[in-house]
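Notes follow once the structure below has been shown.
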Amino acid sequence: MSVPASRVVTYSPAHTLVPTYECYNRCTYCNFRTEPGQSAWLSLATVVQQLPHLREQGVIEVLVLSGEVAPGHPRRQDWFARIYQICELALEAGLLPHTNAGPLTWEEMTQLKAVNVSLGLMVEQVTPKLLDTVHRQAPSKRPQVRLQQLAWAGELGIPFTTGLLLGLGETEQDWVESLAAIAQLHQRYGHIQEVILQPHSPGQRQAEARAALNGAALVRAISLAQEYLPPSITVQIPPNLVSRSELLACLRAGARDLGGISPWDEVNPDYEHPCPTQLEAELAGAGWHLQPRLPVYPQYDSWLPHPLQRLVALWRRRLAAPSGGTVWRMGQVTEATATP
């Protein structure tokens, strides 16, 4: 029996690889970073060892999520090379890379386009007042830097994911201005495939105590996103940062994607991701259908370099198979693991 599109909720079966947790930003709410020089970088040998197991687990997306090395730093070139090589290895394993590694140069974005089906960067908030509070030691969190990334992605024809962090001390009017800035860039380039609305959720490692954003405020943010974003942009919420009742309220408000779901949330390590099969059953009981997706939306397939288009086409055929309409399960990866 077909499911109405209005009742479909998507997610990406994903696994996160972190080239380094080291980051020169010091955001006061961060539960991810370590100080530069205090943690080992992910080795390519470890990546090669992990990738076959990811295929066996039914992973589609490899999210390459990294702390940031400062522009001009002596290790910047090595850092970028590590990210690029991880993406190459993921593609060779038949998986689809999506990189979110902070602001990049035009040249770096151009190179990553060849080995990623999409890129991402959170706008967070466009108000400059956060530079005096939570971002006072975070040079790359300047709003103009973040928005420049979105513009360059549009000019380069890169399918892009962005989003807002909510509950950092900003106002509802700040949300509106941030959403409007994203919508304006999308109107120009048509490249924003999804906007994440991520509520601040306190963690044990953050430097400054801050209360969690409540569920009613998140629902309000989703309503504003429905008002200010075009219908072609999907609104995404993280299912591990809300209760089940709040999740259902978010879906009723217009959210339709749950992002990458994996056993471990690197950004919010205190909040375990839900099991997709259990989540599928819970949503089905409320009249929703949970469906896996790729990290690139179908309308952007033609934007990709031809080798990536071929691999994406294999995955689309796999998802269209009879078992593809249900939650992705262990051992379902066969043809789609072929190298493009």
Residue separation times 0.36 nm, minus the C-alpha to C-alpha distance between Arg310 and Arg244: what's the value?
20.0 nm
Can you work out the base-10 log of I(q)/I(0) for region 216-255 at q = 0.14 1/Å, using the Debye formula on its C-alpha atoms alone?
-0.26
Just order 164-172, 40-48 by mean Cβ neighbour count inside 10 Å, highest at the front, would you?
164-172, 40-48
Candidates Thr34, Thr105, Thr127; GNM for the chain (alpha-carbon contacts under 10 Å) flags as most fluctuating Thr105
Listed values (1) 40, 21, 18; (2) 27, 25, 20; (3) 34, 21, 19, entry calculated as semi-axes √(5λ) of the Cα gyration tensor in Å:
(2)
How many angstrom lie between the C-alpha centres of region 202-276 and region 86-130?
21
List the GluC sites (Glu not before Pro) in region 201-305 that DSSP assigns to loop (not H, G, I, E or B) and whose Cβ has at most 13 other Cβ atoms within 10 Å. Which are they?
Glu208, Glu272
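Since every read-out is calculated from the coordinates, none of them should be taken as a lab result. Keep in mind it's a predicted model, so treat the numbers as computed, not measured. Note that each Cβ is placed from the backbone with ideal geometry, even for glycine, and that neighbours are counted across all protein chains shown.
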